[in-house]
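Engineer: The structure's right below; bear with me while I get my questions together.
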Amino acid sequence: MHVPVQAIDRETWRDGVASEGVRLIPEETPLALTYNGGTYAVMMGTPQNLEDFAVGFSLDEGIIKSVDDIKSLDVVRLDDGIELRMWLTTEDAARISERRRHVAGPTGCGICGIESIAEAVRPAAVVPRGQTFTPQDIMAAMQAIAPLQSINLQTRAVHAAAFWSPAGHIVALREDVGRHNALDKLAGALARGRTDTRGGMVLLTSRVSVEMVQKAAAIGAPVMVAVSAPTALAVRTAEAAGITLIAIARQDGFEIFTHGGRIAARHATEVADVA
């Protein structure tokens, strides 16, 4: 249960004909996040890139302010799940006691266990101005995701979150059966790699809910692009955070919902070059 992909026997019925075979499907494992000996949350997720998940979750939850706040991190594999055991400073531990979660989070859960409405709709961090991208940049970034999704290429059943550098390539990509987990893993990978996120784009293969915007804002990315539609609250949160929210990104185009000034039309650039 601790490998990300499992080969499972199955019977197929198609066009009136039955056949037997094997299908590769993603694993789903309980992941317990513990701080200074106490469990904060148990999330269901893909057992891969777990150090990234632990760091990214801690940052996105506001438990730590920097990856350096984690004094030690151990991945402990148990019979029925995996514990991500972290030890923090006394100051960080005090913050945990104020926001400790009390329920487990299923795969699709982004804010399970939050105990008040105010916590669920907390304002996102305001992102820096960043740089301007062309529509062609957006399309190239989204098209670059699929070939890098190693688990999804095998299973067609997981989400991905990636970071597109201003230099024009994907710096990091993480996958998980949970879209929130994938974004947490990406946040952890970027933090552990000391990546400058102020000018890039967060790319998502999922819809955009409010907690996804909150996590992208915590990463510090000024632009986020998703293949599916956002919720209305996600749009309002992105507007307040200064994030350019682009969604419904397909092969033929996309839709801009907030702060469209960061997207420059290609024809305008070409006219300026000619002049």
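Engineer: Using a cut-off of 18 Å between alpha-carbon atoms, which lysines can reach K185, once sequence neighbours fewer than 8 places away in the same chain are excluded?
Structural biologist: By straight Cα distance, K185 reaches K65, K215.
Engineer: With point charges of +1 on the Cβ of Lys and Arg and -1 on the Cβ of Asp and Glu, referenced to the Cα centre of the range 119-238, which listed residue (A124, A140, G193) lies farthest in the positive direction of the dipole?
Structural biologist: Of the listed residues, the answer is A124.
Engineer: Provide the gained length on full extension for the span V17 to H2, in nm with one decimal, where the gain is 0.36 nm per separating residue minus the Cα-Cα distance.
Structural biologist: On the way: separation 15, 0.36 × 15 = 5.40 nm, distance 3.43 nm.
Once the chain is fully extended between V17 and H2, it gains 2.0 nm.
Engineer: Something else: Sort 42-48, 184-190, 55-61 for me by packing, meaning the mean count of neighbouring Cβ atoms within 10 Å per residue, highest on top. Write out the running numbers ahead of the final one.
Structural biologist: Details: 42-48: 23.4, 184-190: 28.4, 55-61: 25.6.
The most tightly packed comes first, giving 184-190, 55-61, 42-48.
Engineer: Next up: Modelling each spin label as a point 7 Å along the Cα-to-Cβ direction, I'd like the D79/T39 distance in nm, to one decimal.
Structural biologist: 1.6 nm
Engineer: Nearest 5 percent is fine: what portion of the DSSP beta bridges confined to the range 149-275 is antiparallel? Display every interim value, and only then the final one.
Structural biologist: Numbers: 13 of 21 bridges.
Rounded to the nearest five, the antiparallel share is 60 percent.
Engineer: Under a point spin-label approximation (7 Å from Cα along Cα-to-Cβ), what is the T132-K71 distance to one decimal in nm?
Structural biologist: 5.0 nm
All of the numbers you see were taken from the coordinates with simple rules; none came from a lab. Model, not experiment: these values are computed from the prediction. All Cβ positions, glycine included, derive from the backbone under ideal geometry; neighbour counts span all protein chains shown.
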